[in-house]
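Chemist: First, the structure itself, so that you have it in front of you.
The values are calculated or read from the model by the stated rules, or taken from the named source; none is laboratory data. Nothing here was measured: the structure is a model prediction, and the numbers come from that model. In this analysis, Cβ positions are derived from the backbone assuming ideal geometry, glycine residues included, and neighbour counts consider all displayed protein chains. Surface accessibility is based on the protein's heavy atoms, side chains included, excluding ligands, DNA and RNA. Shrake-Rupley method; radii C 1.70, N 1.55, O 1.52, S 1.80 Å.
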Amino acid sequence: MFHFDFEAFQFINHLAVSERVLNPFMVFLAEKAEYLFFAGIIFYWLFPRNQTQNRRMVAEAIMAACVALGMNVLIGHFFYRDRPFVSHHVNWLIPHVKNASFPSDHATAAFVITTAIWIWRERDGWLWLLLSAGIALSRVWTGVHYPLDVTAGMIIGACTAFAVHNLLRIEKLNRVVNLLIEFYEKIESRLWVKKKAN
């Protein structure tokens with residue numbers, strides 16, 4: 001398994017040499033594309049059309065992301081794996097600390113949010129899936145993850161999003177989430193009233 005993983009890493013990472021014209025784009029995906037997810041979450045939360053559904057989707061995405069990234073911390077502690085650039089000569093395109101490589105937090109975060117969006121808004125979800133796949137590929141291309149790291153992140157992210165969505169169908173948990181959203185909306189409406197009054 002690890003031998004195949006390293007061979008796949010070498011193939012993808014060598015594209016940084018053979019297809020170097022794409023390197024700036026891959027560096028952007030590896031380092032900056034995650035901010036598009038932050039922007040997307042804010043957009044969906046504030047977008048007035050289907051706002052109730054959108055806010056429920058965002059709440060699920062944030063909760064699932066917290067759970068998934070928390071799992072990654074535990075997995076990285078008990079199944080520590082060095083970054084590719086620590087153990088091998090690689091095409092290393094972006095700076096990175098020498099912390100746990102497995103699983104990939106970037107892939108996990110991208111796929112947990114993408115899956116949460118896909119559950120509620122399938123058409124939008126396919127676009128986010130394309131971006132998530134690009135992020136996962138770029139983390140290998142730039143030399144900071146093995147393919148198995150990002151694959152594990154993809155699986156953890158997607159499965160956690162589905163699990164949280166199904167858990168929140170339980171009436172008591174569903175009620176708590178709705179109450180939290182309603183509480184936020186009361187505060188929001190009061191702030192808008194004060195702003196208009198001024």
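Chemist: Among the numbered criteria (1) part of a helix (DSSP H, G or I); (2) in contact (Cβ under 8 Å) with a residue 24 or more places away in the chain, which single criterion is violated by Arg81?
Modeler: Every listed condition holds for Arg81 apart from (1).
Chemist: Yes or no: His89 in a helix (DSSP H, G or I), modelled with pLDDT under 95 and more than 30 Å from Glu185 (Cα to Cα)? Give the derivation first.
Modeler: Numbers: in a helix (DSSP H, G or I): no; modelled with pLDDT under 95: yes; more than 30 Å from Glu185 (Cα to Cα): yes.
Considered against the rule, which asks whether it is in a helix (DSSP H, G or I), modelled with pLDDT under 95 and more than 30 Å from Glu185 (Cα to Cα), His89 comes out as no.
Chemist: Spot the failing condition for His106; the list is (1) farther than 22 Å from Ala8 by Cα; (2) surrounded by 22 or more Cβ atoms within 10 Å (Cβ to Cβ), and only one is missed.
Modeler: Result: His106 fails condition (1) only.
Chemist: Additional query: Quick check on region 176-183. Is at least one of its residues among the β-branched types (Val, Ile, Thr), in contact (Cβ under 8 Å) with a residue 40 or more places away in the chain, part of a helix (DSSP H, G or I) and surrounded by fewer than 21 Cβ atoms within 10 Å (Cβ to Cβ)?
Modeler: Filtering region 176-183 for residues among the β-branched types (Val, Ile, Thr) gives 176-177, 181.
With the extra rule that they be in contact (Cβ under 8 Å) with a residue 40 or more places away in the chain, the set shrinks to 177, 181.
In the following step, the residues that additionally are part of a helix (DSSP H, G or I) were identified as 177, 181.
This time we only want the ones that are surrounded by fewer than 21 Cβ atoms within 10 Å (Cβ to Cβ), so: 177, 181.
Yes - at least one qualifying residue is present in region 176-183.
Chemist: What tally of residues in region 106-153 results from selecting those that are under 21 Å from Cys66 (Cβ atoms) and among the hydroxyl-bearing types (Ser, Thr, Tyr)?
Modeler: So the count comes out to 4.
Chemist: Let me ask another. Among the residues of region 62-72, is there at least one that is touching a Gly at 6+ places or on another chain (Cβ under 7 Å), within 20 Å of Cys159 (Cβ to Cβ) and either open to solvent by 30 Å² or more (accessible area, probe 1.4 Å) or aliphatic (A, V, I, L, M) (or both)? I'd like the intermediate steps shown before the answer.
Modeler: Step one: of region 62-72, the residues touching a Gly at 6+ places or on another chain (Cβ under 7 Å) are 68.
Add one more test, that the residue is within 20 Å of Cys159 (Cβ to Cβ), and what stays is 68.
Those left that are additionally either open to solvent by 30 Å² or more (accessible area, probe 1.4 Å) or aliphatic (A, V, I, L, M) (or both): 68.
For region 62-72, residues touching a Gly at 6+ places or on another chain (Cβ under 7 Å), within 20 Å of Cys159 (Cβ to Cβ) and either open to solvent by 30 Å² or more (accessible area, probe 1.4 Å) or aliphatic (A, V, I, L, M) (or both): present.
Chemist: May I ask you to list the residues in region 130-148 that are more than 9 Å from Ala107 (Cβ to Cβ) and in a helix (DSSP H, G or I)?
Modeler: Going through region 130-148, the residues more than 9 Å from Ala107 (Cβ to Cβ) turn out to be 130-131, 133-134, 137-138, 140-144, 146-148.
If the condition is that a residue be more than 9 Å from Ala107 (Cβ to Cβ) and in a helix (DSSP H, G or I), then Leu130, Leu131, Ala133, Gly134, Leu137, Ser138, Val140, Trp141, Pro147, Leu148 are the ones that fit.
Chemist: Considering only region 149-160, I want to know if a residue exists there that is of a type in the set (Asp, Glu), in a helix (DSSP H, G or I) and more than 14 Å from the chain's Cα centre (by Cα). Lay out the reasoning, then the answer.
Modeler: Going through region 149-160, the residues of a type in the set (Asp, Glu) turn out to be 149.
Retained after the next criterion (residues that are in a helix (DSSP H, G or I)): 149.
Then keep just the ones that are more than 14 Å from the chain's Cα centre (by Cα); that gives none.
No, region 149-160 has no match at all.
Chemist: Please specify each residue of region 1-58 satisfying the condition of being polar (S, T, N, Q) and in contact with a Ser or Thr (Cβ under 7 Å, 6 or more places away or on another chain). Quick ask: steps written out before the conclusion?
Modeler: Keep residues of region 1-58 that are polar (S, T, N, Q), which gives 10, 13, 18, 23, 50-54.
Selection gives nothing.
Chemist: For Trp126, are the conditions met, namely being closer than 30 Å to His14 by Cα, assigned to a helix (DSSP H, G or I), without any contact (Cβ under 8 Å) to a residue 60 or more places away in the chain and open to solvent by 10 Å² or more (accessible area, probe 1.4 Å)? Show your work before the answer.
Modeler: Numbers: closer than 30 Å to His14 by Cα: yes; assigned to a helix (DSSP H, G or I): yes; without any contact (Cβ under 8 Å) to a residue 60 or more places away in the chain: yes; open to solvent by 10 Å² or more (accessible area, probe 1.4 Å): yes.
In short, yes.
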